[in-house]
Amino acid sequence: MSFCAARKPGALFVRLSQDTLADAALPDWLSDDLKKAKIEPARIVFQVREESAAQQIKEAVALHKALAERGFRFALEGFGVGRDTEQLLNHLKPDFVKIRGALMQGLSADQGKQARVKAMVELARKCKAITIGERVQDANTMAVLWQLGVEFIQGYFVNAPEEVVLG
């Protein structure tokens, strides 16, 4: 949270576990604690794995709605593995879609993966979601993602991830 408290530009992405999807008290607790810390909710993006959201769609939609009402943003992480990805996007309407990192391996030489990523970008755009390529490790992958319309990237090519566990 020191990132947000220091007023640095950008957003902080916070991964939520599958168990938190059904925690009705979570949005109020988060909102109260962040207000006390004087952190703007719009700077925090809560992310949920695609598989978790698909398994608990009602809970994921309710959580997203509750978080959005408090000014937080929402991301679907690991996107591109499920069978009903379009349906999931239409129900959740996330602010961000993080395209599955496994698709980045060998992307610059794999036309099939490129077509899949392009289709995901188009689906995300229909829902007005911003796309992020996960696990980008080289300039070639970044260039291909840019050509496919992916708006942001994350991965070792940019910076090693930092993990902070809040207890």
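The values are calculated or read from the model by the stated rules, or taken from the named source; none is laboratory data. These numbers were taken from a predicted model, which means no experiment stands behind them. FYI the Cβ positions are ideal-geometry reconstructions off the backbone, even for glycines, and counts take in every protein chain you see.
So here's what we get for this one:
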{"read-out": "Residue list for the range 99-120, restricted to those being in contact with a Gly (Cβ under 8 Å, 6 or more places away or on another chain) and over 15 Å from Thr141 (Cα atoms)", "value": "Met120"}
{"read-out": "Selection from the range 12-47 of residues that are basic (Lys, Arg) and under 18 Å from the mean Cα position of the chain (by Cα)", "value": "Arg15, Arg43"}
{"read-out": "Qualifying positions in the range 105-131 - crowded, with 21+ Cβ neighbours inside 10 Å and touching an Asp or Glu at 6+ places or on another chain (Cβ under 7 Å)", "value": "Ala129, Thr131"}
{"read-out": "Residue in the range 149-158 that is closer than 19 Å to Val14 by Cβ, among the β-branched types (Val, Ile, Thr) and modelled with pLDDT under 90 present", "value": "yes"}
{"read-out": "Long-range neighbours under 7 Å by Cβ, at least six apart or interchain, first residue at pLDDT 95 or above within the range 96-113, second acidic (Asp, Glu)", "value": "Lys98/Glu77; Lys98/Glu134; Ile99/Glu134"}
{"read-out": "Residue tally, condition assigned to a strand (DSSP E or B) and touching a helix residue (DSSP H, G or I) at 6+ places or on another chain (Cβ under 8 Å), over the range 118-154", "value": "4"}
{"read-out": "Matching entry among Val117, Val81 (being among the aliphatic types (A, V, I, L, M) and closer than 19 Å to Ala54 by Cα)", "value": "Val81"}
